[in-house]
1. Taking loop as defined by DSSP and a crowding limit of 15 other beta carbons within 10 Å, which trypsin sites (Lys or Arg not before Pro) in segment 8-42 fit?
2. Need the full-extension length gain, E160 to D114, defined as separation in residues times 0.36 nm minus the C-alpha distance. One decimal, nm.
3. Express in whole angstrom the spacing between the alpha-carbon centres of segment 5-36 and segment 50-103.
4. Tell me the label-point distance for the pair A201, E172, using the 7 Å Cα-to-Cβ offset, in nm and rounded to one decimal.
5. Quick one: dipole size for segment 1-65, taken about the Cα centre, charges +1 on Lys/Arg Cβ and -1 on Asp/Glu Cβ, in debye to the nearest 20.
6. Just subtract the alpha-carbon distance of L14 and E146 from 0.36 nm times their residue separation and send over the number in nm, one decimal.
7. If every alpha-carbon in segment 161-200 counts as one equal scatterer, what log10 I(q)/I(0) does Debye give at q = 0.13, 0.20, 0.22, 0.28 1/Å?
8. What aspartates and glutamates sit close enough to K136 to cross-link, taking a C-alpha to C-alpha distance under 12 Å and skipping anything fewer than 8 places away on the same chain?
Amino acid sequence: MALPKLGRSTVLELRNGTRYFVRAGTLDLGVINEAAFLDPYLGPGFLTLRPDSIVVDIGANIGDFAIQAAKRCPDGRVFAIEPLSFAGKMIETQTRLNGIHNVTWIPAAVSGSDGETTSDAVGGPYTGSGAAEQIKVTTLPQVVRELDLPRIDLLKLDCEGAEWDILPAAEEILPLIQQICMEFHCERGWTPARLSAWLRARGFDVTHTGGSWNGLLWARRGGLACLSSGCSDRWTVPGRCYTKGSKKVRRSRE
């Protein structure tokens, strides 16, 4: 098989049968490696998905997490929210490769208010090439209203700092959210401890990795048991190590 790192696009098929299209000359291979093998969002075991779960994936990128979630929720729905058209096409390609019919791509960026922006403003290392695109900006409450969602069993966020706009603006629909997994960024005065306190005050149990720049956080309603005596705002998994992007975070043995 010709690997993308050797200059050719290919389809990777994992041992469990999941297939991903990976483009040459991109970061796709690293994205799939993180999602499929490291499994930072669901792998630690803090969160659970029922076969009929409703999942909202904000920052769906090329569909790496959305495909995993869809396979775990064959009777549910996955809404993959991703503003960039090249990534949306990749999401649709991944769903076709896997014969999945319960993933819907939502072409929008989620923030703290409605509006419009351009792809230049939301771009990053995963963006494609081409002319700038006009992008719809929406809020999580508006997404819930437009899709008429009765609940969100899992909210996943990987949105490069936009989480600090998205979550405070979603206060009215937080009671509909049962679980959250996300990458956080320490900026604008937000830290994992501050976010944990904010979520706890709204009925969630929370655990997170350390990290002075970024890290991972999981939250769910009613039932994360603290594994560390005297721990006020952090749970740990003995001897487990997770990597988000290029940053490795080892969870302490407590």
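1. Details: sites: R8, R15, R19, R23; in loops: R8, R15, R23.
Loop-located and lightly packed - R8, R15.
2. Length difference between fully extended and current span is 14.7 nm.
3. Segment 5-36 and segment 50-103 have Cα centres separated by 16 Å.
4. 2.0
5. Numbers: 6 positive and 7 negative charges, 55 e Å.
Its charge dipole is roughly 260 debye.
6. Numbers: separation 132, 0.36 × 132 = 47.52 nm, distance 3.51 nm.
Taking 0.36 nm per residue and subtracting the Cα distance, the gain is 44.0 nm.
7. Log10 of I(q)/I(0), two decimals: -0.25, -0.62, -0.75, -1.19.
8. Hits, sequence-local ones excluded: E82, D114, E116.
FYI, it's all coordinate maths here, none of it is from the lab. Since this is a predicted model, take the numbers as computed values, not measurements. As a convention, Cβ positions derive from the backbone with ideal geometry for all residues, glycine included, and neighbour counts pool all protein chains shown.
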